[in-house]
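Q: Dumping the structure here so I can ask a few things about it.
The values are calculated or read from the model by the stated rules, or taken from the named source; none is laboratory data. All values derive from a computational prediction rather than experimental measurement. In this analysis, Cβ positions are derived from the backbone assuming ideal geometry, glycine residues included, and neighbour counts consider all displayed protein chains.
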Amino acid sequence: MAPPLQPVRGTRDLIGEDAARHFHVIDTARRITGLYGFSEWQTPIFEDTKVFSRTLGETSDVVTKEMYTFEDRGGDSVTLRPEGTAGVARALITNGLTQTLPQKVFYAGPMFRYERPQKGRYRQFHQIGVELLGPATPLADAEVISAGWRILQELGIAGQVVLHINTLGDTESRAAYRAELVAYFSRYTADLSPESRLRLEKNPLRILDSKDEGDQKLAAAAPQMQDCMTDEAKAFYDSLLNYLTAFGVPHQHNPHIVRGLDYYNHTAFEFVTTALGAQGTVLAGGRYDGLVEQMGGPAVPGVGWAAGIERLSMLIAPPKPAALPVVVIPMTPEAEPAALATLSALRAANIAAETGYTGNAKKRLERANKSGAAFAVLVGSECKLKNLTDGTQTDVTPDQLIAILSA
């Protein structure tokens, strides 16, 4: 006998309470982003590989080590999406929406990265995210962050997270800061990790978020963006912080939150927690005014965030179960047509209702008691409603039945 088949490493089934938590996160995010005027988009799970290699950086770890890329039967290189923003930006361009701005987008779905599975991290993982495309004002950044904060509040985990925020400045500020970092870290080349020595040449800002302890010590004394910012960039950041205060979003400045690619500018932020060990970031994002243009579209400012559903699910309390169902039981074989009519009427009235498939009335009633159902409807020559909690039983007409169970 062949051994039973197992899920692929880094994937898992969503069943029972895991599924309830998962979909509670999505449903909450969908409801809250709707209050902010976001519309839900769904982009393909796989895209032309260039959608990601062009936007995530040809030398990034995601592109070089983690993407699920393959050649399809037509000889085209396609990639399972490792993140959501690039697909949304591509959809904005290909659907001719760059002239219909702003576009406020919410998405939810699976992403794929080949990395070492660990607690809260899978090779098929899931994200919720928002993108606000069009406005270039700090109010847009604040609204996006506020929507994320509101979702965390609604999930009951706002007390477990802290918003860390930084500015990457405008193009002029970023260029000046890059030069300062290169000059500073070049004095300590021998002390940098091999990975950060490569970053020094290509992407020095990434050294600031290195996990290497030696790099972190050097980064602690590195120049800060605030020393290189233009007046315009300072005004943008100050306005953003004021808007966050107006929205009631607590925050703290963290100069070590960076984004390495050149199309990122101004805002970078993360909601972090200490409740998940090393996997501390639960929601992160920033402003990316150069992304759409880099993908071949016009210059369209953008800001957004993504959050890992698996990590959020680990923090939330189990959601309240759905309303307990009503079980409809025919007392005799001859009563089955009437029982099925009652079953259909209950469902038409939006009352959760089930019926057994086999067994006599006694066995079906025993199963109903064990199932945790709230009521049983006993259909025979008369219709009776039995409260399975206290055992009381009442004669009812079909209209009375629906009125009682809808109350």
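Q: When you go through (1) in a strand (DSSP E or B); (2) touching a Leu at 6+ places or on another chain (Cβ under 8 Å); (3) aliphatic (A, V, I, L, M) one by one for V162, which number turns out not to apply?
A: For V162, the exception is condition (2).
Q: Just to be sure before I move on: is A284 closer than 22 Å to F38 by Cα, free of Cβ contacts under 8 Å to residues at least 60 places away in the same chain and surrounded by fewer than 24 Cβ atoms within 10 Å (Cβ to Cβ) in the structure I sent?
A: Judged against the criteria, A284 is a match.
Q: Is it the case that Q216 is outside the structural domain of I93 (by TED's automatic domain parsing), closer than 25 Å to V161 by Cα and surrounded by fewer than 23 Cβ atoms within 10 Å (Cβ to Cβ)?
A: Details: outside the structural domain of I93 (by TED's automatic domain parsing): yes; closer than 25 Å to V161 by Cα: yes; surrounded by fewer than 23 Cβ atoms within 10 Å (Cβ to Cβ): yes.
So Q216 passes the test.
Q: Hey, another quick one. Just to be sure, is G372 surrounded by fewer than 12 Cβ atoms within 10 Å (Cβ to Cβ), touching a residue at least 24 places away in the same chain (Cβ under 8 Å) and farther than 15 Å from T342 by Cα?
A: yes
Q: Would you pick out the residues in the range 165-176 that are surrounded by fewer than 22 Cβ atoms within 10 Å (Cβ to Cβ) and either outside any helix (DSSP H, G or I) or at pLDDT 95 or above (or both)?
A: Residue satisfying the conditions is D170 alone.
Q: Would you call L208 in the same structural domain as A147 (by TED's automatic domain parsing), in contact with a His (Cβ under 9 Å, 6 or more places away or on another chain) and on the phi < 0 side of the Ramachandran plot? Even if it seems obvious, please write down each step before you answer.
A: Values: in the same structural domain as A147 (by TED's automatic domain parsing): no; in contact with a His (Cβ under 9 Å, 6 or more places away or on another chain): yes; on the phi < 0 side of the Ramachandran plot: yes.
No, not satisfied.
Q: May I pose another question? Restricting the search to the range 188-242, which residues are outside any helix (DSSP H, G or I), touching a residue at least 40 places away in the same chain (Cβ under 8 Å) and of a type in the set (G, A, S)?
A: A222
Q: What's the total number of residues in the range 1-37 that are farther than 22 Å from F112 by Cα and of a type outside the set (A, V, I, L, M)?
A: 10
Q: Another question, then. Taking K384 and the conditions (1) loosely packed, with under 13 Cβ neighbours inside 10 Å; (2) farther than 30 Å from Q160 by Cα; (3) out of contact with any Gly (no Cβ under 9 Å at 6 or more places or on another chain); (4) of a type in the set (D, E, K, R), which numbered condition does it fall short on, given that it satisfies the others?
A: (1)
Q: Restricted to the range 175-208, and to residues that are farther than 19 Å from A284 by Cβ and basic (K, R), which residue is farthest from the chain's Cα centre (by Cα)? Before you say what the answer is, go through the steps one by one.
A: Residues of the range 175-208 farther than 19 Å from A284 by Cβ: 175-202, 204.
Now drop any that are not basic (K, R), which leaves 178, 187, 197, 199, 202.
Working: R178: 31, R187: 41, R197: 33, R199: 29, K202: 30 Å.
Among them, the one singled out is R187.
Q: Still on this model: With the structure loaded, tell me whether L56 is under 27 Å from A140 (Cα atoms), among the aliphatic types (A, V, I, L, M) and more than 22 Å from the chain's Cα centre (by Cα) or whether it fails that test.
A: On the way: under 27 Å from A140 (Cα atoms): yes; among the aliphatic types (A, V, I, L, M): yes; more than 22 Å from the chain's Cα centre (by Cα): no.
Judged against the criteria, L56 is not a match.
Each row is one residue, and each column tells you yes or no for (1) over 21 Å from the mean Cα position of the chain (by Cα); (2) at pLDDT below 95; (3) surrounded by fewer than 20 Cβ atoms within 10 Å (Cβ to Cβ); (4) hydrophobic (A, V, I, L, M, F, W, C).
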position: A246; (1), (2), (3), (4): yes, no, yes, yes
position: I257; (1), (2), (3), (4): no, yes, no, yes
position: A268; (1), (2), (3), (4): no, no, no, yes
position: F271; (1), (2), (3), (4): no, no, no, yes
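Q: Does R150 satisfy being among the basic types (K, R), in the same structural domain as F236 (by TED's automatic domain parsing) and not in a strand (DSSP E or B)? Quick ask: steps written out before the conclusion?
A: Working: among the basic types (K, R): yes; in the same structural domain as F236 (by TED's automatic domain parsing): yes; not in a strand (DSSP E or B): yes.
So R150 passes the test.
Q: Just to check your reading of the model, which residue among G37, G74, G96 is surrounded by fewer than 17 Cβ atoms within 10 Å (Cβ to Cβ), under 18 Å from G148 (Cα atoms) and over 15 Å from the mean Cα position of the chain (by Cα)? First the steps, then the outcome.
A: Working: G74 fails: under 18 Å from G148 (Cα atoms); G96 fails: under 18 Å from G148 (Cα atoms).
When all the criteria are applied, what remains is G37.
Q: Can I ask one more? Could you list all residues from the range 125-145 that are surrounded by fewer than 18 Cβ atoms within 10 Å (Cβ to Cβ) and not in a loop (DSSP other than H, G, I, E, B)?
A: L139
Q: Can you tell me which residue among A373, A317, A322, A352 is at pLDDT below 95 and either more than 30 Å from Q153 (Cβ to Cβ) or polar (S, T, N, Q) (or both)? Let's see the steps before the verdict.
A: Working: A317 fails: either more than 30 Å from Q153 (Cβ to Cβ) or polar (S, T, N, Q) (or both); A322 fails: either more than 30 Å from Q153 (Cβ to Cβ) or polar (S, T, N, Q) (or both); A352 fails: either more than 30 Å from Q153 (Cβ to Cβ) or polar (S, T, N, Q) (or both).
Exactly one of A373, A317, A322, A352 is at pLDDT below 95 and either more than 30 Å from Q153 (Cβ to Cβ) or polar (S, T, N, Q) (or both), namely A373.
Q: Moving to a separate point now. Kindly check whether there is at least one residue in the range 177-184 that is surrounded by fewer than 17 Cβ atoms within 10 Å (Cβ to Cβ), free of Cβ contacts under 8 Å to residues at least 12 places away in the same chain and of a type outside the set (G, A, S).
A: No: the range 177-184 contains no residue that is surrounded by fewer than 17 Cβ atoms within 10 Å (Cβ to Cβ), free of Cβ contacts under 8 Å to residues at least 12 places away in the same chain and of a type outside the set (G, A, S).
Q: Report, ordered by the first and then the second residue, all pairs with beta carbons closer than 7 Å, sequence separation of six or more or different chains, a first member in the range 326-345 that is buried (at least 17 other Cβ atoms within 10 Å of the Cβ), and a second member that is basic (K, R).
A: These pairs meet every condition: I329/R364.
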